[in-house]
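The values are calculated or read from the model by the stated rules, or taken from the named source; none is laboratory data. The structure displayed is predicted, hence computed values, not measured ones. Note that each Cβ is placed from the backbone with ideal geometry, even for glycine, and that neighbours are counted across all protein chains shown. In case anyone asks, the SASA skips ligands and DNA or RNA and just uses the protein heavy atoms, side chains included. Shrake-Rupley method; radii C 1.70, N 1.55, O 1.52, S 1.80 Å.
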Amino acid sequence: MRGRPGDARHYAALDLGTNNCRLLIARPQGSGFAVVDAFSRIVRLGEGLATSGRLSDAAIERTIAALRICAEKLKRRHVILARSVATEACRQAANGAEFIERVYRETGIALDIITAEEEARLAVLGCHALLEPGDGPALVFDIGGGSTELVLVDSRGEVPRILDWHSARWGVVSLTEASGAAGTAEERAALYASMRARVAESFAPFAQRLRTPRGTRRLLGTSGTVTTLASVHLGLVAYDRSVVDGLIVPAPAMREVSQRIAGMSMAERSQVPCIGAERADLVVAGCAILETILDLWPAERLGIADRGIREGILRRLINGRIL
C-alpha cells in the first residue's frame, strides 16, 4: 500500500489469533514507533476447531467482519507497509488456506500463516523490553487461544538471544473445548486439576531440557490471560493498559487470583470486572496454563506485557529484520 506524497509513513501489523483479531498502525518515532490507530476484537476463529478440524462458518463470518474494519483503517491511514499474520487456528484447520484466500478476496488483506517458532520470536521481540534486569536466562510466554509459546532467552544484549523454545498445543480455546464444563464446586476443582495435568504433559519435553538458572528467575507473560488476571489482582473496575503494561506482580498473588477464579461458577466469573461474559468461559483455562508455567519456572515475580506479536512485527518492518 502506498501513501500520498507528504503523508507521514504509517506501518501496520495485524495479528489474527485463535481468539482475537488485533491491529496496530504506527509511525516511526526515535528508535521505536508511536501508535496512531488500533483495533482489537474477540472473534473466536478457532471455536469448535478441536472437534471438527475446520473453521466454522459462523467463526469465519465474525472474523471477516472484523477484518473489514481493519482493511478500512489501513486504507484511511494510507499505510505504506503492512504485515498480517495468522497463527494456530489457521495452522490447524483443514480449510485454513481456503479461509486465507477468501479473506484476501473480500478485504484485500493478505494473511501469512506463520509457524509456531516465528510466532514465539515475534512475541519476544515485541515485549522483551519489559523484562526485569538480570544476568541469567529469562522465560517469556504467550498464552494464546490455540497454543502456548514458551521461550527461554538470554537478554544480556540489545536484542534477546533465543536459547530454546516450545509450542504447546493448549491455549485458552483449545483447552476449554477439550475439557468440558463443570457444575458443582467439586466438579470445578476436578476439572481444573485435569486442565493442569493436560498442560503439564504438553510442557514435559521443554521441562526436561530446562536447567536451574543462576541467580533470580525472571518471567514475563504476554497475553489476554495475564493482563486480565493482573487487572483482577489490582481490583480494576475497567481495563487500563497504562496501569497493566509493565506491571510486576508477585507470583503467589497471581496463583491466588487464578485459584479463586477457577473456583467460581460461570455466572460469578461473568460478574468480575475485566472478565465479564465475553471471557468468563475461557479464563479458567488461562488460569490453569499460567499456574502450570509457574510450576515449570518458579519465579518470585511475574512481569505483565500488553504487547507482543504486533509490536514485534512493527519493529521488524520499521527497523529491518532482527531476532
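Miscellaneous remarks
- Boolean, ARG196 is among the basic types (Lys, Arg), open to solvent by less than 60 Å² (accessible area, probe 1.4 Å), touching an Asp or Glu at 6+ places or on another chain (Cβ under 6 Å) and at pLDDT 95 or above: no
- When we screen VAL284, VAL249, VAL243 for residues that are under 20 Å from LEU130 (Cα atoms), among the β-branched types (Val, Ile, Thr), out of contact with any Ser or Thr (no Cβ under 7 Å at 6 or more places or on another chain) and part of a helix (DSSP H, G or I), the only hit is VAL243.
- Selection status of TRP165, at pLDDT 95 or above, part of a loop (DSSP other than H, G, I, E, B) and either surrounded by 17 or more Cβ atoms within 10 Å (Cβ to Cβ) or touching a helix residue (DSSP H, G or I) at 6+ places or on another chain (Cβ under 8 Å) (or both): no
- Residues satisfying the stated conditions in segment 117-144, i.e. surrounded by fewer than 20 Cβ atoms within 10 Å (Cβ to Cβ) and under 22 Å from LEU45 (Cα atoms): GLU117, GLU118
- Residues in segment 269-295 that are open to solvent by 20 Å² or more (accessible area, probe 1.4 Å) and more than 19 Å from ALA238 (Cβ to Cβ): ASP281, ASP295.
- Checking each residue in segment 92-116 for being open to solvent by less than 70 Å² (accessible area, probe 1.4 Å), part of a helix (DSSP H, G or I) and closer than 28 Å to LEU152 by Cα picks out only ALA116.
- When restricted to residues that are open to solvent by 20 Å² or more (accessible area, probe 1.4 Å) and touching a residue at least 24 places away in the same chain (Cβ under 8 Å), segment 20-30 contains 3.
- When GLU256 is tested against (1) open to solvent by 60 Å² or more (accessible area, probe 1.4 Å); (2) in contact with a strand residue (DSSP E or B) (Cβ under 9 Å, 6 or more places away or on another chain), just one condition goes unmet, and that condition is (2).
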